[in-house]
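Undergrad: Dumping the structure here so I can ask a few things about it.
The values are calculated or read from the model by the stated rules, or taken from the named source; none is laboratory data. Keep in mind that this is a model prediction, so the values were computed, not measured. Please note: Cβ atoms are built from the backbone with ideal geometry, for glycine as well, and neighbour counts cover all protein chains shown.
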Amino acid sequence: MKEETIELDFRFVKLTNGDDILCEVPLVEIEESEMLIVRYPLKISTVYDPSLDEAVYVFTPWVPFTSQQLIAINKICVVTVTSIVEDVRDIYLQKIKIFQKQKLQQIRVPSAKSKAKSKSNDIPIENDVENDVEVPFTIKKPFVN
């Protein structure tokens with residue numbers, strides 16, 4: 001049986017709830033579908049950085065508590081889908097790699113040392129992760145009131 005390959009491209013998606021996401025979407029749309037399928041969606045937030053006295057873009061997983069790569073969005077919730085510039089695509093790919101690495105660290109089986117430190121019946125927190133969690137990458141943007 002021949003496996004079908006669907007080509008993906010990088011897109012900016014604006015949703016009716018105001019969320020802005022970067023993601024990969026299929027180049028060939030399934031017209032009958034009421035859903036837009038996206039892969040690795042990252043939410044774009046604008047945050048004021050007082051140390052720079054300007055706003056910066058921060059990228060975070062749009063659906064943070066899932067292991068799914070593909071997410072379905074009802075097309076009725078989509079305002080627009082546009083292409084993105086190469087610089088933003090490169091940053092998106094860097095962030096995806098970082099978030100995937102962090103997820104792998106977060107789902108590691110806790111060591112005996114970590115379990116021994118836990119004094120409650122809660123899920124033990126992995127304290128001996130070697131790498132620090134990275135701050136989401138930012139793109140400088142002039143702050144406008």
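Undergrad: Which of the residues that make up region 1-17 are in a loop (DSSP other than H, G, I, E, B), modelled with pLDDT of 90 or more and either farther than 25 Å from I91 by Cα or not β-branched (V, I, T) (or both)? Outline the logic, then answer.
TA: Start the filter on region 1-17 by keeping residues that are in a loop (DSSP other than H, G, I, E, B), which leaves 1-7, 16-17.
Those still in the list that are modelled with pLDDT of 90 or more too: 16-17.
Across region 1-17, the qualifying residue is only N17.
Undergrad: Give just the number: which of (1) among the small types (G, A, S); (2) surrounded by 13 or more Cβ atoms within 10 Å (Cβ to Cβ); (3) at pLDDT 90 or above does S118 not satisfy?
TA: (3)
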